[in-house]
Each structure stands twice: as structure tokens, then as C-alpha cells.
Amino acid sequence: MVTFYGTEVQSRLMLGTALYPSPAILEQAFRRSGAGIATVSVRREAGTERAGAAFWDLVRQLGVKVLPNTAGCHSVREAVTTAQMARELFETNWIKLEVIGHADTLQPDPFGLVEAARILTDDGFEVFPYTTEDIVLADRLLEAGCKVLMPWGAPIGTGLGLTNIYGLRTLRAQFPDVPMVVDAGLGLPSQAAQAMEMGFDAVLLNTAVAKAGDPAAMAEGFARAVEAGRLAYEADPMEPRDMAAPSTPLIGKAFLE
Amino acid sequence: MKITVNGDSHEVSGTTLDAVLIELGYGEAKVATAVNEAFVPAASRAATTLQDGDRLEIVAPRQGG
């Protein structure tokens, strides 16, 4: 059980809804993984298209909590307006805030992110900022009113896993009571397990599942890895050491020379 | 008057946002709107008057990551 802005969610796996081969496979991925939160977006709709209504019906059938994003926004104004449109469409104050600062890496613009987070928090939003592992930026986001942080593992869609273990560990240790979601860059369940073992509260991914040969199976794989990683974290792992230490007692060993 | 709708130029006869949405075929569609980059809530559409050259964005729920 994890709590974001007072809302308890059973699963620590959050899944995106984009890039799946079909709506049916999207639905299977959610069912098999038990993911409790789905990210969604808003996009232009043509006059008689009604694609939005069809997608919205599908998401509602999943029975999950919806987290709209401001994906693709590069300015504060664009992100704020997109968030406001998303709030009306999805009837939630939750917003995954993306303010992108660099086209090739989709790295967040830290200055725009803080400004947009402040504006949206003041406007009643519950902001989930897509951020880096930077602890100063994290501090500013918390000051701006964010009560959740979503540091990246690696750039969106790369599947590189946790590219800055030290930075993520430092961030986790610096703000032990802030719910944190490793968002983006995960490619394999082992990487999700690693994030959970480090004490992150949840992971959010999309491409690794949607672009797998069998998305539903991969979604289940991630769900199990997230559970395994969380169990390991709660179980207080042993400290690694350099020298060997026999696990089988030497006392009572038969003398056979 | 001529306005821009989702990046394309449109000639519309309605003057309020709700009238223009119906004219453009959105009717009861589940959409949200922004005029000149500022959000316009559904409840304010009837009272929102469009001007020649306004930029209207009309969005709906979509897949996202």
C-alpha cells in the first residue's frame, strides 16, 4: 500500500497507456499487472472524431486511478494550460507535471518545472513532478508545494535503467518521508526491483511494457519485480562485504584427511 | 470570421465558443478548450466571445506515458 496525496493505492506499479499494439493488449497488460495508476494525456481532437470518448471508456473499465500528464510541454504556460484542460477532462486534481527542457534527452527544465509546480499547486492541483535526481531541485519542488517526487531513472523511452545510482540513493536518503516514484527509463523488471530495493515507493513505466513482444507478460514481470524489490527493502537487506564468510558452520565438520 | 482551430484555419459564423464548437462538429464531445493559450472551462464557453484571428485548441483524452 502506498499513499499519494492522501489516496491509498494497492499496487506500487504505475503504467502508461501509450504505444500498445491494441486497446485489447493495453487492457490485458493492466489486468495481469494489477497496476493501480494509469498515466494518460490530452491531445487535439478533430470535430467528429470522438476518439477521446472511446479511450476514456477503456480507461474507466480498467478501474484504476488516472494520472494525466503534460507530456511534450516545453513552457510553463503550455504545461499549466494543458494541466487545466486535463483536470476538466479527467476530473482529477492529480497531474504528472512535465516541463521539458532539452529535446534529445527530454530532460526536465528545472526552472520551468518549479514555476509551473507553484502555479498549479496554488490552483489546487496535486502535482507529481517529473524531475531529475537533483536534490536542490527536489527541495525547491517541495517548497513549491509538491508532496510527491518522480525522479527519472534514465531518459524517457531509453530502457537504460537507473543511470545514476548514487544520485538516486542520495535523493532517497535526503527526503526519507516524501513518496517517490522512479519514472521513466526503465527497460527490465530487474531495474524496477533495484529501484524498489533502494526504497523508492513505486515505479512508473510505459515503453518497456508496451514495446515488449508480449506486453501483458512483461507487465506481470514488472509487477512481480516491484513486489520482490519492495519486500527486500522492507526485509532490511544484509550489508555487502569484500571477504568471504562461510554460511555453513565449520564446527562439527567431519575430519576426513 | 476566421479563426485557427487546432492549428488549421477555419471560417466560422458563430461568435461564442459553445456555438463554434457545435458548428465544428464537437456537439456533446468530451473535449477541453483553450483560447489563445489560456484554458476556458466548459462552464465559461457560452460567455466566451471569439474574435477574428483567435487561436482555439480543442483536446480530448488520449494515451500517455
*Report the accessible area of residue A:30, computed with a 1.4 Å probe over the heavy atoms of all protein chains in place, in Å² rounded to the nearest 10.*
10
*Once the Cα gyration tensor of region A:98-257 is diagonalised, what are the square roots of 5 times its eigenvalues, in whole Å and ordered largest first, as equivalent ellipsoid semi-axes?*
37, 20, 14
*Pairs of Cα atoms under 8 Å, at least six residues apart: use those to get the relative contact order of region B:2-59, whole percent.*
48
*Would you please report the Å³ per residue occupied by the convex hull of the alpha carbon atoms in the protein assembly as shown?*
161
*Using all C-alpha to C-alpha distances in region A:31-143, build P(r) with 10 Å bins and read off the rounded percent in each one.*
14, 42, 32, 12, 1
*Per residue and in Å³, how big is the convex hull formed by the alpha-carbon atoms of chain B?*
92
*Nearest 5 is fine: what % of DSSP beta bridges in region A:2-235 come out antiparallel, could you say?*
20
*So what's the gap between the Cα centers of region A:51-99 and region A:156-177, to the nearest angstrom?*
25
*Cα-centred dipole magnitude for chain A, charges only on beta-carbon of K, R (+1) and D, E (-1), debye, nearest 20*: 480
*For region A:89-145, convex hull of alpha carbons as volume per residue, Å³*: 78
*Radius of gyration and Dmax over the Cα atoms of region A:177-257, both given in Å*: 18.7, 60
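The values are calculated or read from the model by the stated rules, or taken from the named source; none is laboratory data. Computed from a predicted model, the values in this text were never measured in an experiment. Counting neighbours? That spans all protein chains shown, and the Cβs are built from the backbone with ideal geometry, glycine included. Accessible surface areas use protein heavy atoms only, side chains included; no ligands, DNA or RNA. Shrake-Rupley method; radii C 1.70, N 1.55, O 1.52, S 1.80 Å.
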